[in-house]
Structure formats: C-alpha cells, structure tokens
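Asker: The following block contains the structure, expressed as structure tokens.
The values are calculated or read from the model by the stated rules, or taken from the named source; none is laboratory data. Given the structure is predicted, the values throughout are model-derived calculations rather than measurements. Because the Cβ atoms are built from the backbone with ideal geometry, glycine has one as well, and the counts that use them run over all protein chains shown.
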Amino acid sequence: MNRYGYTMLAVTASQGKVSVVDRDIPEGDGELIAVTSSGICGSDLHMIENGLVNVVLGHEFGGYTTDGRLVAVRPTGACGSCSHCSTHHSQLCAEALRNSHGISRDGGLAEFVRATEDRLFEIPTGTDPSCVGLVEPLAVVLHGINRMNVQNGSTAVVVGAGSIGLLAAAVLRDRGVAVDIVARHPHQERAAEQLGVTPVRQAGSNYDASFDAVCTQQSFDTCITATRPGGSLLEFGMFWTPVALNNQMLLKEITVVPSIFYGHTQEHHDFQEAVDILHRVPSITSAVITHRFALSDAQEAFAVAADRKAGAIKVHLLTSL
C-alpha cells in the first residue's frame, strides 16, 4: 500500500509470458497520469520474447492528469545537455532508451503511471480520446517521413500493412503522395481503403520512395526492387534479424535512410505533429485501432496482437472496460 491507500493493476512479463499483477500506485517525481488506453507494439512482443522483465510494459499510452487534461505521453527520455540534445536530435541521446517508459522504467499498461511534464502532450478538445495510444507510433512514422522529405505529387510504396505501415500510408496520402501499400490480409486491405490508399498484393516498380515497415530481408529486398534509380528507402524501427545489402541497391544508387523514435527542433516536434494530425484526420484512429480489451484481459490482448490471423492491426487496452 502507499499514501493513496490502494493498489493498481499493471501488466508485466516474465519468461516470455504476460501477467496482470497488483502494483502500488507510483509515487515520486512527475505528474500522476490516470491511464485511459495503451497500445501493444510489435516491439513489445519482441522484447518479451527476448526476456524483458521487472518493468510495467507499454510505451504507447496516455490518460488524464490530476488537473483533468487529456494527454499523450512521450515515453523516451533525453538528458537535455549532450551534443545530440543541444543540436536538436534528442532521439539519439543515450537517455532515449535508458530512461524510457515500458523498457527501462514502468510504462503505460497500468491504471496509473508517473511522467514528467516535458513528456506530456495535451490532446485538443473534440479529438477522439482513444487516439492517445496512437500518438507515439504516429510520431515514429512522422519522424521517418520528415527525414525523407517526400514531395507532393511523388509516388511511394509502403511494404507492410501493420499499424506502422498504415500510419505511414495515411501521412503520405495527407501530403499529396500517391501511395501503394503491400497488404497480405483482407483486414489490412480494408483499413488501407478506409485511409484512401491503394492496397496491392505485390509492389510495382519505379517508385520515387519506398518505406519498409517490416524490417526483414524479404521486405528490404522488395523495397530495393521497387524503388527507381536514385530513389530513397526508409527503414522504420529495428531489424530483429540481420539484413544483408545487395548490389542492386548500389547499382541503382538508392539512398537508405534509417529512422528511430522521434525528435524535435526549435521549430518542430514530431510528437506534437502527431497530435495535430489525429485531431485533424479522425479516420486514422477508427481505421487503425481494431481491437480493444480491458486491462485485466491483457493476456488475451497480447495473444491477439501476436496472431497474424486474428485480424488485428492495433490492439489497445483500456482501463475503463
């Protein structure tokens, strides 16, 4: 027990399995957030499989502050003083992962979490409250697309129609790019159509830009083949198995752009841009969040998120169910 006089439900992992446990409501520095919803990320599944323990899961989340503000929470940290932070590349700071909710400190798959004020991004009135768990993955997408600087009227293919791929396609369409997205399953095709982009079973060729939202050897090679000579390829996130380069990439002089997390400069913040887009384009939230579970049903929710045949795109756990 703590000074609030009761405990909370939280989701943790051990030996590759998810559990719902009782935890004390967190005390200490930062704002106490009453979590409303939290998303399950593919990286959560990989980290659990690779032995993540002793931390409350969840890095895609938001909720209400004690003064009633609905906020999304940026999970990553930043020291504020290193060369990366001082040049506005906070995503490269050593503290980004070392002090990140759901990885190295308790995350948002719980009824409550504490987060410092600099990590809170207020959701505008009139926005679907369930979008708070989509702000983080959308910020990931925006950071990558902003690094590519794709132009209105250009062509692009997105390989992979999971949540990151669909969010990338939605942003590209919003910027006036003609988008094909490689989708394997009917539910992914339906979501793509809801977002106004073209689902295809196989990528075409000669695209100005390609976006790898799977990060495997097969998806990388597909992007190389699909991109025109002199074009660009963006890799979202992380390779969980090694990927080899090939001569086709060299002969076509394709620029490969890595992207991780989200950053900010004096003029722009990826997280804030994500909030603004979800407010302006509500169809993104309705198309991408396909499954909602109560926090107490976390084991079932993770099983659905891991099952490619379950028809899930983004699975959210809600404290109010």
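Asker: State whether the residues of the range 16-35 include one that is within 30 Å of Val214 (Cα to Cα), among the hydroxyl-bearing types (Ser, Thr, Tyr) and either part of a strand (DSSP E or B) or at pLDDT 95 or above (or both).
Answerer: Yes: the range 16-35 contains one or more residues that are within 30 Å of Val214 (Cα to Cα), among the hydroxyl-bearing types (Ser, Thr, Tyr) and either part of a strand (DSSP E or B) or at pLDDT 95 or above (or both).
Asker: Within the range 34-54, track down each residue that is within 19 Å of the chain's Cα centre (by Cα) and aliphatic (A, V, I, L, M).
Answerer: Val35, Ile40, Leu45, Met47, Ile48, Leu52
Asker: Of the residues Val11, Val71, only one is surrounded by 20 or more Cβ atoms within 10 Å (Cβ to Cβ), more than 16 Å from Leu295 (Cα to Cα), touching a Ser or Thr at 6+ places or on another chain (Cβ under 9 Å) and not assigned by TED's automatic domain parsing to the domain that holds Gly237; which?
Answerer: The unique qualifying residue is Val71.
Asker: For the condition surrounded by 20 or more Cβ atoms within 10 Å (Cβ to Cβ), assigned by TED's automatic domain parsing to the domain that holds Ser130 and closer than 27 Å to Ala306 by Cβ, what is the one hit in Gly51, Gly16, Gly77, Gly102?
Answerer: Details: Gly51 fails: surrounded by 20 or more Cβ atoms within 10 Å (Cβ to Cβ); Gly16 fails: surrounded by 20 or more Cβ atoms within 10 Å (Cβ to Cβ); Gly77 fails: closer than 27 Å to Ala306 by Cβ.
From the options Gly51, Gly16, Gly77, Gly102, the qualifying one is Gly102.
Asker: Quick one: which residue in Gly107, Gly144 is buried (at least 24 other Cβ atoms within 10 Å of the Cβ), out of contact with any helix residue (DSSP H, G or I) (no Cβ under 7 Å at 6 or more places or on another chain), touching a residue at least 40 places away in the same chain (Cβ under 8 Å) and closer than 26 Å to Asn54 by Cβ?
Answerer: Result of the check over Gly107, Gly144: Gly107.
Asker: In addition: Just the residues that are assigned to a loop (DSSP other than H, G, I, E, B), free of Cβ contacts under 8 Å to residues at least 40 places away in the same chain and hydroxyl-bearing (Ser, Thr, Tyr), please, taken from the range 36-66. First the steps, then the outcome.
Answerer: Let us first name the residues in the range 36-66 that are assigned to a loop (DSSP other than H, G, I, E, B), namely 40-41, 50-59, 65-66.
Still in the list and also free of Cβ contacts under 8 Å to residues at least 40 places away in the same chain: 50-51, 66.
Passing the criteria: only Thr66.
Asker: Can Glu122 be described as closer than 23 Å to Gly42 by Cβ, acidic (Asp, Glu) and either surrounded by fewer than 17 Cβ atoms within 10 Å (Cβ to Cβ) or assigned by TED's automatic domain parsing to the domain that holds Gly311 (or both)?
Answerer: no
Asker: Which pairs have Cβ atoms under 6 Å, sit 6 or more apart or on different chains, and link a residue in the range 276-289 that is under 13 Å from His187 (Cα atoms) to one that is in a strand (DSSP E or B)?
Answerer: Here the result reads Val288/Lys314; Ile289/Lys314; Ile289/His316, each pair linking the range 276-289 to a residue that is in a strand (DSSP E or B).
Asker: Got a number for residues in the range 187-219 being in a helix (DSSP H, G or I) and either touching a residue at least 40 places away in the same chain (Cβ under 8 Å) or polar (S, T, N, Q) (or both)? Spell out the reasoning first.
Answerer: Going residue by residue through the range 187-219, those that are in a helix (DSSP H, G or I) are 187-194, 217-219.
Next, only the ones that are either touching a residue at least 40 places away in the same chain (Cβ under 8 Å) or polar (S, T, N, Q) (or both) stay: 187-188, 191, 194, 217-219.
Looking only at that region, the number is 7.
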